[in-house]
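Here's the structure we're looking at; comments come further down.
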Amino acid sequence: MLKLLAADTRAIDPVQGPIREKLGLVAQAVVDLQQARHMADYDIEAPLDSSDALLRVEQAIGAFYTWKEIKDADIAQDYLYSLLFKDRTF
């Protein structure tokens with residue numbers, strides 16, 4: 001899904017393109033923050049760095065502000081639906 005969101009679609013759809021880009025940023029922030037959380041929780045050898053923690057907080061705040069801008073767009077709602085109800089059986 002991140003690859004789909006990262007695709008440059010402005011030429012195809014000038015309205016959805018910027019929204020898709022912002023949604024991609026939000027989705028990437030969720031992935032980055034989850035990975036950082038796992039590293040902080042489970043990698044006891046990883047150094048704790050207050051500047052990295054501050055950057056992660058700023059990334060989270062930015063993701064929330066970006067989500068607020070796009071949350072009512074159809075593509076954002078479709079993305080949320082896919083996260084909640086995607087068939088995960090293999």
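The values are calculated or read from the model by the stated rules, or taken from the named source; none is laboratory data. In this text the structure is predicted, and so the values were computed from the model without any measurement. All Cβ positions, glycine included, derive from the backbone under ideal geometry; neighbour counts span all protein chains shown.
Brief remarks on what is shown
- Glu58 surrounded by 12 or more Cβ atoms within 10 Å (Cβ to Cβ) and in a helix (DSSP H, G or I): no
- Annotation: of all residues in the range 65-79 being surrounded by 12 or more Cβ atoms within 10 Å (Cβ to Cβ) and part of a helix (DSSP H, G or I), the one that is modelled with the lowest pLDDT is Tyr79.
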